[in-house]
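First up is the structure itself, then whatever we jot down about it.
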Amino acid sequence: MANENKRLKPAQIEADRTSFAALQTITGYAPANAAFTLAKVTEAETAMRSKQAAEAQAEAALASARDAAVAGEWEFHNLMIGAKDQVTAQFGRDSDEVQAVGRKKASERKAPVRRAKPSAPAQ
């Protein structure tokens with residue numbers, strides 16, 4: 001039995017649409033099972049197209065909302081960088097206020113240490 005929670009491949013849907021178009025041209029189609037009448041199949045095809053359109057619209061709305069969220073995140077981030085710079089300018093690089101906004105005090109930074117050059121091998 002097929003897993004009906006997985007998407008069908010586009011090729012399978014296209015094959016079904018081709019078969020549906022052919023089914024519509026068959027005169028005298030009268031299935032023994034009433035669940036497979038042309039009216040029911042047409043109704044299902046219309047519902048599928050409607051749901052696919054709704055999905056495409058939802059994807060477009062999601063992409064738009066994601067773009068707006070990203071823009072908002074960058075705006076906030078850039079403003080916070082500027083605010084931290086302003087705190088540093090106003091209170092100094094070694095103040096408690098600089099530490100409060102998440103930056104290191106100047107006195108907490110390690111001084112650079114020079115490394116000795118490796119000596120040449122003895123010959």
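Within the stretch 109-120, is even one residue out of contact with any Pro (no Cβ under 8 Å at 6 or more places or on another chain) and surrounded by 10 or more Cβ atoms within 10 Å (Cβ to Cβ)? Checked the stretch 109-120: at least one residue is out of contact with any Pro (no Cβ under 8 Å at 6 or more places or on another chain) and surrounded by 10 or more Cβ atoms within 10 Å (Cβ to Cβ).
Considering every residue within the stretch 68-84, establish whether at least one is surrounded by 10 or more Cβ atoms within 10 Å (Cβ to Cβ) and in contact with a Leu (Cβ under 8 Å, 6 or more places away or on another chain). Looking through the stretch 68-84, none of the residues is surrounded by 10 or more Cβ atoms within 10 Å (Cβ to Cβ) and in contact with a Leu (Cβ under 8 Å, 6 or more places away or on another chain).
Out of L8, L62, L23, one residue alone is assigned to a loop (DSSP other than H, G, I, E, B), surrounded by 10 or more Cβ atoms within 10 Å (Cβ to Cβ) and either hydrophobic (A, V, I, L, M, F, W, C) or touching a Lys or Arg at 6+ places or on another chain (Cβ under 6 Å) (or both). It is L8. Are any residues in the stretch 97-123 in a helix (DSSP H, G or I) and more than 39 Å from the chain's Cα centre (by Cα), and if so, which ones? Of everything in the stretch 97-123, those that are in a helix (DSSP H, G or I) and more than 39 Å from the chain's Cα centre (by Cα) turn out to be A106, S107, E108.
Residue pairs whose Cβ atoms lie under 7 Å apart, sitting 6 or more positions apart in sequence or on different chains, and linking a residue in the stretch 8-32 that is over 17 Å from T46 (Cα atoms) to a partner that is surrounded by 10 or more Cβ atoms within 10 Å (Cβ to Cβ) and not acidic (D, E), are Y29/L23; Y29/L38; P31/T37.
No lab work stands behind these numbers, since they all come straight from the coordinates. Quick caveat, the model's predicted, so the values are computed rather than measured. Virtual Cβ from ideal backbone geometry, glycine too; neighbours counted across all protein chains shown.
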